[in-house]
Amino acid sequence: MSRNSPRHFLSLADHTDEDIRRYLYLSRMVKLNPTGFRDACSGKTLAMLFLKPSLRTRVSFQAGIFQLGGQGLYLGPKDIQLHRGETIVDTARVLSRYVDGIMSRMFSHEDMLDLARHATVPVINGLTNHNHPCQVLADLLTIDERFGRLAGLKIAYIGDGNNMAHSLLHGCARMGMHVAVGHPEGYAPDADVVARSEAFARRTGGSVLVTRDPREAARDADIIYNDVWTSMGQEAESQTRLEVFGGFQVNRDLMACARPSAIFMHCLPAHRGEEVAAEVIDGPQSVVMDQAENRLHAQKAILVHLMGVRF
Ligand code: CP
Ligand code: NVA
């Protein structure tokens, strides 16, 4: 990793293209030879702060740090004092006196940045309302495994312009991919994320297309990606969202707009019959379980790089 590689892992926009490539290389090494890394975080403790629920992020980080010789400490929303008015700043400073790294899932991205600003140990973003970089690092690994390359491939993200859309825009544009987002009116990705990703793509030979037509987004894609219509924390909007997103389901018809060799990806958890038809997510084009597995390998690479004793 370059000497200037950020000491935190907060957004794929913060890392250089080369940095992301090195993270992917290290992920492949960790996946190929897990025993070679079994002492890489020996004696290290990772605090895992979760203000939202999780299956994949929680278990893959806990298993990952254990497999590297360290230990994970799960801290749910009721286990700490944030909900009783303790500040993010004090939480960051106190945790930094006890542990070697902090992995955190929070609502506000500003809170995540605050945590990182005041922690003296590395902070890893395990999802905010704004982005989800660990998921996309694992997704890039999965795509590279399937196609043997990233640059030049077209990925179509169908649905809400949310945290997943943002990290896919950043990460895929940095890797020279063509990123298309098909979203309903009023649910576009943030304009600044799109502008930043367009700038990355101009440099890497990729491109960015944002459209309200899911079929246009999906046309000739190598990868069709989607996510829930109602993200964590938006439960009160779920009825409205069911109506608004109705035409944005990934089903056999939409998959037919993509290349015959296209794969289907989803960060999970999924709702069959809503954003994706069961025939697609459970069909032969789906790679969702490889994505879920690769969370483990990619995050072990992040832990080794940021907290490792020997690397
Ligand atoms: N994809 C993902 O981050 O899943 P969890 O919310 O279960 O961690
Ligand atoms: N957009 C989803 C992603 C879950 C991994 C959410 O924030 O709930």
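What follows draws every value from the coordinates through simple rules; no lab data is involved. As the structure is a prediction and not an experimental result, all values here were calculated from the model. Note that each Cβ is placed from the backbone with ideal geometry, even for glycine, and that neighbours are counted across all protein chains shown.
A Förster distance of 25 Å, applied to the separation of the beta-carbon atoms of residue 220 and residue 278, puts the FRET efficiency at 0.50.
Cα centroid distance between the range 76-95 and the range 222-251, in Å? After rounding, the separation between the Cα centres reads 32 Å. For the chain, take the longest principal axis of its alpha carbons; what is the angle in degrees between that and the long axis of helix 56-67, to the nearest 10 within 0 to 90? The two axes meet at around 40 degrees. Helix-only arithmetic for the chain: the sum of -39500 (n - 2.57) across DSSP H runs with n ≥ 4, divided by the residue total, places the mean residue ellipticity at 222 nm at -12500 deg cm²/dmol. Does the range 158-311 classify as rounded, prolate or oblate by the C-alpha gyration tensor (a ≥ b ≥ c root eigenvalues; a/c under 1.5 gives rounded; else a/b over b/c gives prolate, otherwise oblate)? Cα axes put the range 158-311 in the rounded bin.
Near residue 180, the amide H atoms lying under 5 Å from its own belong to 155, 156, 157, 209; only residues 5 or more places off or on other chains count, and H is placed 1.01 Å from N.
In the range 1-148, the DSSP beta bridges split such that about 0 percent are antiparallel, to the nearest 5. Report the trypsin sites (Lys or Arg not before Pro) located in the range 52-154 that are in a DSSP loop and have at most 16 other Cβ atoms inside 10 Å of their Cβ, or state none. Passing both the DSSP loop test and the Cβ count: 78, 149.
Footprinting exposure proxy ranking of 267, 41, 257, fewest other C-beta atoms within 10 angstrom first, gives 257, 267, 41. If you take the alpha carbon atoms of the range 1-108 and fit the smallest convex hull around them, that volume is 123 Å³ per residue. Students often forget the sequence filter, so: which aspartates and glutamates lie under 14 Å Cα-Cα from residue 44 once same-chain residues fewer than 8 apart are removed? Filter leaves 100. The residues 157, 225, 187, 98, when put in order of fewest to most other Cβ atoms within 10 Å, stand as 98, 187, 225, 157.
Per-residue 3J(HN,Hα) values for the range 35-52, derived from phi via the Karplus relation 6.51 cos²θ - 1.76 cosθ + 1.60 with θ = phi - 60°, read 5, x, 10, 5, 10, 4, 10, 4, x, 9, 10, 10, 7, 10, 9, 10, 9, 10 Hz in sequence order (x marks Gly and Pro). Per q in 0.21, 0.26 1/Å, what log10 I(q)/I(0) does a Debye calculation on the alpha-carbon atoms of the range 97-136 return? Each listed q maps to, in turn, -0.59, -0.85. For the range 217-303, the spread of Cα coordinates along the three principal axes comes to 40, 35, 21 Å, biggest extent given first. Applying Stokes-Einstein at 37 °C and 0.692 mPa s to the Kirkwood radius of the chain, computed over alpha-carbon pairs, gives a translational diffusion coefficient of 168 µm² s⁻¹.
Principal semi-axes of the equivalent ellipsoid, √(5λ) from the alpha carbon gyration tensor of the range 181-260, are 23, 19, 10 Å from largest down. Remark on residue 103: its backbone amide H falls under 5 Å from those of 47, 48, 49, 124, a criterion applied only to residues 5 or more positions apart or on other chains, H modelled at 1.01 Å from N.
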